[in-house]
Amino acid sequence: QVQLVESGGGLVQAGGSLRLSCAASGRIFSWYVMGWFRQVPGKERDFVAAISSSGRSTPYADSVKGRFTISRDNAKNTVYLQMNSLRPEDTAVYYCAAGSTRWVSTTLGPYDYWGQGTQVTVTS
């Protein structure tokens, strides 16, 4: 079992930055692929970024490439999402996820554990 707790969300003006953190507890964090997804009311949960257990593979959604950076610190059991140049369309609840899959994934299915989400609101 893995427990995930996100933090770092909030209200920011367009062009600003936020850094989300996701602290994991439970099983060995370094074994897991980690991902960030986001969801707005009435829509499906969308992929944002993911990172392999080694940190060497980091796919991104096209909409965030060049603006967001995912990273992990296995010694601290934490994954981060640095979000720069934020836009109003980035407004959503952001969820951290952990998967025991062998390969990093951009879809929801392979992720076994989810956090409770943190709200990010970007004003114009």
Within region 60-100, work out how many residues are part of a loop (DSSP other than H, G, I, E, B) and within 10 Å of Met34 (Cα to Cα).
1
In the set Tyr111, Tyr94, which member is surrounded by 15 or more Cβ atoms within 10 Å (Cβ to Cβ), aromatic (Phe, Trp, Tyr) and farther than 26 Å from Leu11 by Cα?
Tyr111
Can you work out which of the residues in region 26-59 that are open to solvent by 50 Å² or more (accessible area, probe 1.4 Å) and assigned to a strand (DSSP E or B) is modelled with the lowest pLDDT?
Gly26
With respect to the numbered conditions (1) in a strand (DSSP E or B); (2) over 15 Å from Asp90 (Cα atoms); (3) free of Cβ contacts under 8 Å to residues at least 60 places away in the same chain, which one is the sole condition not fulfilled by Cys22?
(3)
When (1) under 25 Å from Gly16 (Cβ atoms); (2) open to solvent by 70 Å² or more (accessible area, probe 1.4 Å); (3) without any contact (Cβ under 8 Å) to a residue 24 or more places away in the chain are applied to Ala75, the one that fails is (1)
Residues being more than 12 Å from the chain's Cα centre (by Cα) and in contact (Cβ under 8 Å) with a residue 60 or more places away in the chain: count how many of those fall in region 91-101.
3
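The values are calculated or read from the model by the stated rules, or taken from the named source; none is laboratory data. Not measured: the values here are computed from a predicted model. FYI the Cβ positions are ideal-geometry reconstructions off the backbone, even for glycines, and counts take in every protein chain you see. Surface areas here come from the heavy atoms of the whole protein model, side chains and all, with no ligands, DNA or RNA. Shrake-Rupley method; radii C 1.70, N 1.55, O 1.52, S 1.80 Å.
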